[in-house]
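Before any comments, here is the structure.
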Amino acid sequence: MKEKTREQLEQELKNLRQQVASLKASEARWRQTEKALIRNLEERLVTEETLRQRNRELTLLHRVGQTFTATLDLDQVFAVILEEVRSLLEVVACSLWLIDPETEELICRQVTDPQSKIVNGWRLAPGQGIAGWVAQHGESVLVGDTHTDERHFKGVDRQTGLLLRSILTVPLWVKQEVIGVLQVVDEKINRFNETDLRLLEPLATSAAIAIENARLYKQVESYAVEMAQRVAERTQELSTAYEQLKELDKLKSRFVTDISHELRTPVTNIKLYLHLLQKKPHKSERYLVVINEQTERLMNLVEVITDLSRLDLDETKVKFTAVNLNDIARQVIAAHRSRAEASDLELIFDPAQPAPSVRADPNQLIRVIANLMDNAVNYTPSGQIRVSTHINKEQGQACIEVQDTGMGIDAEDLPYIFDRFYRGRGVGSSTIPGNGLGLSIAKTIIDLHKGEITVESQVNKGSTFTVCLPLAKT
Ligand code: ADP
């Protein structure tokens, strides 16, 4: 093989050097490109991670928002909030505190494990602890180490046994007002960062709205229940009033029928005897006696009816004073003595000592006792009438009893004798005077006095009427 010349070798060396230089240049370029590629890749990775994180946050916020809108039960809202926060940040504990509008204390409404039982319901004075500070200032607080922050309330650590080092607390705002705080805690130092804060704040906004919605819903719900209850009560009142009106209307019709009936008898008699008087004037003396009697009866009846309607209409005209029950009894007994003696009836008075004083209208009370005495005299063919008074301290009442040894009242009549115009069977067709109004007037008066009138009776043995009235205040 032919040897290379020196020039040839030099030329080859030159070429090789050129190639090395060009290789070096491309290596440098290649290195630059590689660096740029790595940088690019790294940047993309960071962006991708940020996006993924942001996506996670948005998905969470969306889910939380949806859950909150769907939940109107306050406790459930609290539970959802804390569960979302806990699973998102994987922290030791998180808690939700609300301000008590009355005391302005911060009350722990819900806590995630492990110390929920201890902290739940806990009350912090206004401004106490980091939670109290956030509630008062309305600003979020990120504490990397509680040992370096004086606001930290060490009482919580002592009670729970947890040594809390990191705390992140955000306020819950509703319409320019802080209603509470959301707090996440952990035992590691510097456990939370700005990203956590950025995530927790919008979550707190949704939570606050959810809490407010649930509260409003609760208010509306209780208002609706109250309204429904009021409507039901009012409806019930109206239907009772309607029933009473119907009953009153019936009573009124019956009253008018009864009055017409009662008035017709004396009027018919008067007409009849006037006619006879015209035909047989020589018997005028006898007829005039009857006419007189019937006119008397008529006037009597009209008077009683007038009294009765006055009582119905003018409840307010009853004048209550302290009345000595013994005095009233004596007065009525004196007025009935001659009638009783004319029928050979013994009249006895057995007064309580000291004399009971009742709250009553004296004139009305006299009328009641007089009616009872009238009946006792009318319905007692022989024997005695005993009037007695006594005090019933336990009931705060004093009572007067009118007891007779008369014909008594049939058990079937007893429920009706206080009804207007009711007369006992057998009595109506007898010659015993009466119109069936005496007891109903007595009952109306006693009802106005907030008292009681009762009767006990045995046929052919006698009856006892008892009137009890409230004791007068001394
Ligand atoms: P009147 O006596 O005018 O019939 P009241 O209203 O006073 O009307 O009494 C109603 C009815 O009660 C009487 O018709 C009578 O049947 C019965 N009654 C009332 N008091 C007595 C009594 N002391 N003894 C027996 N029956 C009585």
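For Gly396, are the conditions met, namely being within 51 Å of the chain's Cα centre (by Cα), within 8 Å of the ligand (Cβ to nearest atom) and touching a residue at least 12 places away in the same chain (Cβ under 8 Å)? Criteria not met by Gly396. The set of residues in the range 20-56 being among the hydroxyl-bearing types (Ser, Thr, Tyr) and over 26 Å from Leu89 (Cα atoms) consists of Ser22, Ser26, Thr33. Being touching a Ser or Thr at 6+ places or on another chain (Cβ under 8 Å), within 16 Å of the ligand (Cβ to nearest atom) and of a type in the set (Gly, Ala, Ser) is the requirement here; does Ala376 meet it? So Ala376 passes the test. The residues on offer are Leu162, Leu58, Leu96, and the sole one that is under 18 Å from Ile209 (Cβ atoms), touching a residue at least 40 places away in the same chain (Cβ under 8 Å) and aliphatic (A, V, I, L, M) is Leu96.
Out of Val302, Val289, Val256, one residue alone is within 17 Å of Gly438 (Cα to Cα) and β-branched (Val, Ile, Thr). It is Val302. Restricted to the range 404-418, and to residues there that are surrounded by fewer than 16 Cβ atoms within 10 Å (Cβ to Cβ) and part of a loop (DSSP other than H, G, I, E, B), the residue that is nearest to the ligand (Cβ to nearest atom) is Asp410. The set of residues in the range 378-390 that are surrounded by 20 or more Cβ atoms within 10 Å (Cβ to Cβ) and more than 10 Å from Leu345 (Cα to Cα) comprises Tyr379, Val387, Thr389. If you take the residues of the range 85-109 that are within 24 Å of Glu177 (Cα to Cα) and over 33 Å from the mean Cα position of the chain (by Cα), which of them is modelled with the lowest pLDDT? That would be Val85.
Here are Ala241, Ala232: which of them is within 30 Å of Tyr416 (Cα to Cα), at pLDDT 90 or above and of a type outside the set (Asp, Glu)? The match here is Ala241. Looking across the range 429-446 at every residue that is near the ligand (Cβ under 7 Å from one of its atoms) and not in a helix (DSSP H, G or I), the one that is farthest from Leu308 (Cα to Cα) is identified as Gly434.
With respect to being under 30 Å from Ser357 (Cβ atoms), among the acidic types (Asp, Glu) and within 13 Å of the ligand (Cβ to nearest atom), Glu401 fits the description.
The values are calculated or read from the model by the stated rules, or taken from the named source; none is laboratory data. Keep in mind the model is a prediction, meaning the values are calculated, not measured. Neighbour counts are summed over all protein chains in view; Cβ atoms, including those assigned to glycine, are modelled from backbone coordinates with ideal geometry.
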